[in-house]
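The next block holds one structure in the form of structure tokens; read it before the comments.
The values are calculated or read from the model by the stated rules, or taken from the named source; none is laboratory data. Small disclaimer: the values here were computed from a predicted structure and weren't measured. Positions of Cβ are backbone-derived with ideal geometry, glycine not excepted, and every protein chain shown enters the neighbour counts.
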Amino acid sequence: MNPLDTSIIEARLKAAVPALDTVAGVVEYSQIKDLSSFRPGSAYVVLASERNPAAGTPQPRRATPAQATFGVVIVAQNYRDQSGKAALDDISSIVGAVRQALNGWTPEGWSPIVWLQGDALDSDASRVLWIDVFTTTHVLRGNT
């Protein structure tokens, strides 16, 4: 019973958001040590959690729904000002394109992806790190 396959989301973003130079997953995201290490124009798809929406009821052995929450972390850089506001302005078009690519999209076997929230995670004088959080339900399939 495998967790949500975020590579499907990564492929969607690579195809639908040309403003992103790089789209990667949690492994690459975990290698980042500080804000200055983030490459502008990059996005990282990170699975945050999965839960069983039918917990507490009898469970089938072969297929179980899993409500998955994942984030798309985006970084933008701008040197026009020293407050980070210009970087936030620049990231807004990328954030909009990510939301448009994912919100309501329905990969095979998943429920439509739903946008939950967006937040600035970190910033400095020239960079802004942003996350958009989404949810979907997929089916965990067992072997027996």
Counting only residues in the range 29-51 that are without any contact (Cβ under 8 Å) to a residue 24 or more places away in the chain and of a type in the set (K, R), the one surrounded by the fewest Cβ atoms within 10 Å (Cβ to Cβ) is identified as K33
Cβ pairs under 9 Å, 6+ apart or interchain, first in the range 61-73 and over 7 Å from V139 (Cα atoms) and modelled with pLDDT under 95, second small (G, A, S) and not in a strand (DSSP E or B), ordered by first then second residue, are R61/G142; R62/G142; Q67/S111
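If a residue has to be touching a strand residue (DSSP E or B) at 6+ places or on another chain (Cβ under 8 Å) and assigned to a loop (DSSP other than H, G, I, E, B) to count, how many in the range 33-52 make the cut? Full working, then the answer.
Within the range 33-52, the first condition is being touching a strand residue (DSSP E or B) at 6+ places or on another chain (Cβ under 8 Å), and the residues that meet it are 35-36, 38-52.
Subset that is assigned to a loop (DSSP other than H, G, I, E, B): 38-41, 52.
Here the count works out to 5.
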Filtering the range 109-132 down to residues that are part of a strand (DSSP E or B) and touching a residue at least 24 places away in the same chain (Cβ under 8 Å) yields L116, A120, L121, D122, S123, R127, V128, L129, W130, I131, D132
The residue from V17, V26 that alone is modelled with pLDDT of 90 or more, surrounded by 12 or more Cβ atoms within 10 Å (Cβ to Cβ) and out of contact with any strand residue (DSSP E or B) (no Cβ under 7 Å at 6 or more places or on another chain) is V17
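Being touching a Lys or Arg at 6+ places or on another chain (Cβ under 8 Å), modelled with pLDDT under 95 and assigned to a helix (DSSP H, G or I) is true for just one of A101, A76, A86. Which residue is that?
Numbers: A101 fails: modelled with pLDDT under 95; A76 fails: assigned to a helix (DSSP H, G or I).
Residue meeting the stated conditions: A86.
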In the set T135, T106, the lone residue that is assigned to a strand (DSSP E or B) and among the β-branched types (V, I, T) is T135
